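First up is the structure itself, then whatever we jot down about it.
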Amino acid sequence: MKNFLIYITLILLSISLVSCDNVDKGDYLNVNKPVFLKIEDAKQELQGAVFGSHGWSIVYPVESYIDARFGSYWLRYDINTNKIDRALKFEDGFWDTITNLSKSGNYAIKSTLYDEENEPANIFFIDFKNEEVVFLAYAVEEFKIEDIPEDIRSEFELENIFTSNINEPYFERVEYDIQYIFESSSFIVYEGEEILHELTVLEDQGILMNNFVWIDEKTIGVLMPIENGFDLGYYKFALIDIIEDRIIQECPINRR
């Protein structure tokens, strides 16, 4: 009888320890699931969005889309239709973690946390075409390539799906360079080492333009205030011809 009681006690203790481990892991690996929002609902929620600075940043340029983030929100801007066509919201803020966007920009593999070893954790498949989010794995070792729909696997670089750096400019073969000069708060266009001209269309934008993406060899995509200056909370996507120094297309996120 005594041995039986000891046996039962050990079983209960084991169950208790497993439960504690599960709770601890669950607490640490906050799933932070992204969900799709209606565009107008996202805009309404972002209407009063302000940080100490502008807050918005371009994160994922690919093919016909520019993606941008602010706080918990991820917006996709369709260059061809000149519209914001998708909006995602993350339950616990937008974590700057691994994101592998497909070549078409219609799908993504996204982790929403890093684990203790700084490996991607909480991995999702995001389908922009059908506005669906599917949870794939808690950790890299649990992730399976087979979980990506077979008909779109070719859109990803599968061999380095957790190491792709999609923050690199999409169009890499450009002859020009753009540098921000802090002393004069100006943006200068270079061709090689030769100064071509200042981008006057970006005057008074300051550090708001510290990240931009190349659309083609002479066109960049930016996020900038609707009006000159620091009009917090009211921004627009804009395409700029850096040679002609002019905005050729724009799409406000919100208006007053």
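Some notes on this structure:
- Seen from ASP147, the other residues with C-beta closer than 14 Å to its C-beta sum to a net charge of -4, counting Lys and Arg as +1 and Asp and Glu as -1.
- Built amide H within the under 5 Å cut-off of ILE84, gap 5+: ASP78
- Our coupling estimate for the stretch 100-108, obtained by passing each phi through the Karplus curve with A = 6.51, B = -1.76, C = 1.60 and θ = phi - 60°, is 10, 8, 5, 4, 7, x, 8, 9, 8 Hz, Gly and Pro reported as x.
- The dipole here belongs to the stretch 35-163: it is taken about the Cα centre, uses +1 on the Cβ of Lys and Arg and -1 on the Cβ of Asp and Glu, and is about 740 debye.
- Overall size of the stretch 35-163 from C-alpha positions, given as principal axis extents largest first: 41, 35, 20 Å.
- Solvent-accessible heavy-atom area per residue, rounded to whole Å², over the stretch 35-163 at 1.4 Å: 47
- Flagged links, alpha-carbon separation over 18 Å, of LYS33/LYS110; LYS103/LYS144; LYS33/LYS83; LYS89/LYS129: LYS103/LYS144; LYS33/LYS83
- Probe 1.4 Å - accessible area at ARG69, Å² to nearest ten: 60
- Here the gap between GLN179 and LYS103, fully extended at 0.36 nm per residue and compared with their Cα-Cα distance, gives a gain of 24.5 nm.
- Inter-label distance, VAL31 to GLU45: 1.7 nm, where each label sits 7 Å from its Cα along the C-beta direction.
- Heavy-atom accessible area with a 1.4 Å probe sorts THR97, THR81, THR163, largest first, into THR163, THR81, THR97.
The values are calculated or read from the model by the stated rules, or taken from the named source; none is laboratory data. As the structure is a prediction and not an experimental result, all values here were calculated from the model. Here Cβ is always computed from backbone atoms with ideal geometry, including for glycine, and neighbour counts include all displayed protein chains. Only protein heavy atoms, including side chains, enter the accessible area calculation; ligands, DNA and RNA are left aside. Shrake-Rupley method; radii C 1.70, N 1.55, O 1.52, S 1.80 Å.
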